[in-house]
Every structure is written in C-alpha cells, then in structure tokens.
Amino acid sequence: MAEKLVVYDSYFGNTEKVAQAVAEAIGGQAKKVNAVSEEDLKGLKVLFVGSPTRAFRPTPAILTFIKDLDPASMGEVKGAAFDTRIPEDQTDSGFLRLMIGLFGYADKKIAKRLEKQGPTLALQSEGFGVTDTEGPLIEGELERAKAWAKQIV
C-alpha cells in the first residue's frame, strides 16, 4: 500500500526515468503499469499516471489501467498526468507538426480519462521531451519533472 504512487508505461526507458524522478520528488513509489496490484491502490492519496506518446495517444496498458480504476475508491485521490514526447518545436517534419496539431499528445488524454474515474486533477498535465523516438530525454527534463511534481504535495 502506497499513499503516493506513480504508474507508468515505458518502451525505451524515458517515461520510466520521468516516473522515477516524479516519485522521488513526491516521496512516493513508481511502478510500471503491469506491476500494479489492487493492494497498491488502497489508501492512495496521490496518483500520477504517465505514458509515452505513441501514435498521439497513451499506451493501451495505461488506458486499460485507468479504465479499470474503481471510481468509488478514487474520490479523495489527487491525480496528475504526464507523457514523454518529441516536442513539436523539435521536429523538422511539417507533417508531424500537422498531426500533433490535430491529435495532440498523450498527457491530455490521460488526464481526461483519469478525471472521469474519480481522482481530482491537482496539476495541469505535462509533457517531457525526448530528442527522438527512442530518446534520450532532452537535457533538464528530469529536473523539470521534479519541480512540476512537487507542486502537488
């Protein structure tokens, strides 16, 4: 049982690094989405959920995790959402910029679904930049993640 939990999915390790930084900042625990048990959600006060942006959305595992949350047990929980992404200003591809403009990133989709399941969103969702599909994270992003997360406690 954790009072502060960061649930994440990660393909190349970038979102995991952000999740670990967030967990450190809030004095909580980070767990990959497939390792989260019902016991982890008991007594929860703060829940961060993060995913890499894949095809302009969160991963299927994150979407399933959120869908399976019990709204009755989430009423007192403060929530926040984040993603990792290639920032729009970091790409030379006009097509990619157009697609980002149309479909956005995973953070807003996570936040919207999370709020429907009961947690009160206590922070504006946030995105953390990677330099390419497989990363690495843009310099300074872990520090920015810590500063962002600390605003919740």
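The values are calculated or read from the model by the stated rules, or taken from the named source; none is laboratory data. Values in this document were obtained by computation on a predicted structure and should not be read as measured data. As a convention, Cβ positions derive from the backbone with ideal geometry for all residues, glycine included, and neighbour counts pool all protein chains shown. Just the protein is used for accessible areas: all its heavy atoms, side chains included, with ligands, DNA and RNA removed. Shrake-Rupley method; radii C 1.70, N 1.55, O 1.52, S 1.80 Å.
Of all the residues that make up the range 95-144, how many are aromatic (Phe, Trp, Tyr) and at pLDDT below 95? Explain how you work it out, then say what you get.
Kept after step one, since they are aromatic (Phe, Trp, Tyr), are these residues of the range 95-144: 95, 103, 105, 128.
Then drop every residue that is not at pLDDT below 95, which leaves 95, 103.
Qualifying residue count, the range 95-144: 2.
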For the range 1-19, pairs from a residue that is farther than 18 Å from Asp40 by Cβ to a residue that is assigned to a strand (DSSP E or B) and modelled with pLDDT under 95, with Cβ under 9 Å and 6 or more apart or across chains, are Tyr11/Arg54
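Sort out which residues of the range 122-142 are open to solvent by 50 Å² or more (accessible area, probe 1.4 Å) and touching a residue at least 24 places away in the same chain (Cβ under 8 Å), and write them in order of number. Reasoning before the result, please.
Kept after step one, since they are open to solvent by 50 Å² or more (accessible area, probe 1.4 Å), are these residues of the range 122-142: 124, 126, 131-134, 136, 139, 142.
The answer is Glu126, Thr131, Asp132, Thr133, Glu134, Pro136, Leu142.
Of the residues Glu24, Glu39, only one is in contact (Cβ under 8 Å) with a residue 40 or more places away in the chain, charged (D, E, K, R), part of a helix (DSSP H, G or I) and open to solvent by 40 Å² or more (accessible area, probe 1.4 Å); which?
Details: Glu39 fails: in contact (Cβ under 8 Å) with a residue 40 or more places away in the chain.
Selected residue: Glu24, the only one of Glu24, Glu39 that is in contact (Cβ under 8 Å) with a residue 40 or more places away in the chain, charged (D, E, K, R), part of a helix (DSSP H, G or I) and open to solvent by 40 Å² or more (accessible area, probe 1.4 Å).
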Taking first residues from the range 46-64 that are free of Cβ contacts under 8 Å to residues at least 60 places away in the same chain and open to solvent by 10 Å² or more (accessible area, probe 1.4 Å) and second residues anywhere that are in a helix (DSSP H, G or I) and among the hydrophobic types (A, V, I, L, M, F, W, C), the pairs with Cβ under 6 Å that are 6 or more apart or on different chains are Phe56/Phe103; Arg57/Ala106; Ala61/Val33
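Look through Lys116, Lys78 and report the one residue that is open to solvent by 10 Å² or more (accessible area, probe 1.4 Å) and within 24 Å of Arg144 (Cβ to Cβ).
Working: Lys116 fails: within 24 Å of Arg144 (Cβ to Cβ).
None of the other options fit; the residue is Lys78.
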Selection status of Ala19, assigned to a helix (DSSP H, G or I) and farther than 19 Å from Glu143 by Cα:
no
